[in-house]
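Asker: Structure provided below as structure tokens; questions to follow.
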Amino acid sequence: MEKRILVLGANGQIGTVLCKALVKRYGKQNVILSDIREPKEQISQFEIIDVCDKAHIAKVIDQFQINTIYHLAAILSGNGEKNPALTWKINHDATVQLFDLCVEKKIQTIFYPSSIAIYGSKTPKINTPQYTSFNPSTVYGISKLTGEMWSAYYHSRYGLDVRSIRYPGVIGWQSIPEGGTTDYAVEIYHGAIKEKYYNCFLRANTRLPMIYMDDVIRATIQLMEAPSENLTVRTSYNLASMSFTPEELYESIKQFIPEFKIEYKPDFRQQIADSWNESIDDSNAQRDWGWKPEFDLQSMTADMIKHLS
Ligand code: AKB
């Protein structure tokens, strides 16, 4: 059956890039984009949708005969702490409501992103296993972990084909993240190129798992196209690419921009980053759908600087 795709949260950091890839792959006529705000660039049919508005989403599903949904709308870790109630409403309540709607409308496949924010102080920091103890410290992390549980529940109880990845911090030149703890790793490139200076909100030695946007898009489409019977993880797949500290990232940029200077002024996001992990065991993703990252710190920095310059 031909894919008829609806993307919710199309204007975000990942949505902006993923939507272009989906339009290229499945055709403009098969991809409907939506967000709460107008897009900067109109690349396909676009609808303004509040992700909490079930009736509106139902109408759009019927109108465009949607059979596949990418549910990207969420408030990230940093911003989530500023308004926990709203974050729960958007990240949790709207997700469960959407899963219900997907069952009602017999949606074939739905993508639901999770995050390294589900890991917490009791989670092994190095080579974090797929299944281990999770005690997220942020409302964003709690909502994502609960969303993972709901994904597995809707799959086993209703046969809903929800697929999910625990994204590391995502870095790309095409879009700016908003309100996350790993945002420094994108901002630093803009600072290096524009001002030759960056004031980092995390400590120099804070090691976190990260991934380049090209790999994120490839992983997401690969998972969404994998045969259902190959998928053994119905909560969310661990996904690894690279891990580095702000100081290591700074050093990699300095190779291209020797006059680049950095200062460190940790803010409330330091505590969030300290509760996350350093590296990930993603052997399930490798085995089930052939996951393999293509970018490392050096090739990512070269590509970021090429595009942003
Ligand atoms: C954030 O920093 O909140 C996000 C994430 C790791 O999910 N980038």
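We did not get these values from a lab; they are worked out from the coordinates using the rules stated. Remember, predicted model here, so these are calculated numbers, not experimental data. We place every Cβ from the backbone using ideal geometry, glycine too, and count neighbours over all the protein chains shown.
Asker: With point charges of +1 on the Cβ of Lys and Arg and -1 on the Cβ of Asp and Glu, referenced to the Cα centre of the chain, which listed residue (HIS71, LEU249, THR16) lies farthest in the positive direction of the dipole?
Answerer: HIS71
Asker: Shifting gears a bit: Based on the Cβ-Cβ distance of ASP50 and GLN29, what FRET efficiency does E = 1/(1 + (r/R0)^6) give at R0 = 25 Å, to the nearest 0.05?
Answerer: That gives a FRET efficiency of 0.50.
Asker: Just subtract the alpha-carbon distance of GLN222 and GLN298 from 0.36 nm times their residue separation and send over the number in nm, one decimal.
Answerer: Gain on stretching GLN222 to GLN298: 24.9 nm.
Asker: For the stretch 155-269, what's the radius of gyration and Dmax over Cα atoms, in angstrom?
Answerer: 17.4, 58
Asker: Mind checking which aspartates and glutamates have their Cα closer than 14 Å to the Cα of LYS261? Skip sequence neighbours fewer than 8 apart in that chain.
Answerer: Answer for LYS261, where 14 Å is the Cα cut-off: GLU187, GLU195, GLU247, GLU248, GLU251, listed by chain and number.
Asker: OK, next. Check each of the GluC sites (Glu not before Pro) in the stretch 251-309 and keep only those in coil by DSSP with at most 11 other C-beta atoms within 10 angstrom; list them in order.
Answerer: For GluC sites (Glu not before Pro) across the stretch 251-309 that sit outside H, G, I, E and B with at most 11 neighbouring Cβ atoms in 10 Å, the list reads GLU259, GLU294.
Asker: Per residue, how big is the convex hull of the stretch 1-156 when only Cα atoms are used? Give it in Å³.
Answerer: Expressed per residue, the convex hull around the Cα atoms of the stretch 1-156 is 128 Å³.
Asker: Okay, moving on. Extending each Cα 7 Å along its Cβ direction at GLN174 and VAL96, get the distance between those two points in nm, one decimal.
Answerer: 3.4 nm
Asker: When the Cα atoms of the stretch 54-123 are enclosed in a convex hull and the volume is divided per residue, what value in Å³ results?
Answerer: For the stretch 54-123, the hull spanned by Cα atoms encloses 105 Å³ per residue.
Asker: Could you tell me which chymotrypsin sites (Phe, Trp or Tyr not before Pro) in the stretch 242-309 are loop residues by DSSP with no more than 14 other beta carbons within 10 angstrom of their beta carbon?
Answerer: PHE268
Asker: Using only Cα atoms, figure out Rg for the stretch 18-67 and give it as a multiple of 2.2 N^0.38 Å.
Answerer: That works out to 1.13 for the stretch 18-67.
Asker: How big is the dipole moment of the chain about its Cα centre under a simple scheme where the beta carbon of each Lys and Arg is +1, that of each Asp and Glu is -1, and everything else is neutral? Debye, nearest 20, please.
Answerer: 320 debye
Asker: Still on this structure, I have one more. So which of LYS54/LYS105; LYS125/LYS254; LYS24/LYS306; LYS196/LYS254; LYS28/LYS59 end up more than 18 Å apart by C-alpha?
Answerer: Violating the 18 Å Cα-Cα cut-off are LYS125/LYS254; LYS24/LYS306; LYS28/LYS59.
Asker: Give the lysines whose C-alpha is closer than 28 Å to that of LYS122, dropping any in the same chain fewer than 8 places away, or say none.
Answerer: Leaving aside lysines fewer than 8 places away in the same chain, those within reach of LYS122 are LYS82, LYS89, LYS144, LYS265, LYS292.
Asker: Something else: Convert 10 °C to kelvin, take the viscosity as 1.306 mPa s, use the Kirkwood radius over C-alpha pairs of the stretch 84-229 as Rh, and evaluate the Stokes-Einstein diffusion coefficient in µm²/s, rounded to a whole number.
Answerer: Result for D is 93 µm²/s.
Asker: More than 12 angstrom separation, counting every C-alpha pair in the stretch 106-145; what % is that?
Answerer: 60 percent
Asker: At a Förster distance of 51 Å, what's the computed FRET efficiency of GLU248 paired with ASP62, Cβ-Cβ distance as r, to 0.05?
Answerer: Efficiency, from the Cβ-Cβ distance: 0.55.
Asker: List the extent of the Cα atoms of the stretch 219-309 along each of their three principal axes, largest first, rounded to whole Å.
Answerer: Sorted largest first, the three principal extents are 52, 33, 18 Å.
Asker: So what's the gap between the Cα centers of the stretch 110-172 and the stretch 212-259, to the nearest angstrom?
Answerer: Each part's Cα centre sits 15 Å from the other's.
Asker: Restricting to DSSP H runs of at least four residues, report the calculated mean residue ellipticity at 222 nm for the chain, -39500 (n - 2.57) per run over all residues, nearest 500 deg cm²/dmol.
Answerer: Mean residue ellipticity, 222 nm, calculated: -12000 deg cm²/dmol.
Asker: Moving on to the next point. How large, in Å, is the chain by the Kirkwood hydrodynamic radius built from its alpha-carbon pairs?
Answerer: Averaging 1/r across every pair of different Cα atoms and inverting gives 19.7 Å.
Asker: Ok, one more. What residues of the stretch 234-264 lie in the reach of a label at LYS125, counting those whose backbone N is under 17 Å from a point 7 Å from the Cα along Cα→Cβ?
Answerer: 243-248
Asker: With the alpha-carbon atoms as the only input, what is the per residue convex hull volume for the stretch 1-44 in Å³?
Answerer: Spelled out: Cα convex hull of the stretch 1-44, divided by residues, is 63 Å³.
Asker: If you take the Cα atoms of the stretch 186-248, find Rg, then find the Kirkwood Rh from the mean of 1/r over all pairs, what is Rg/Rh?
Answerer: 1.14
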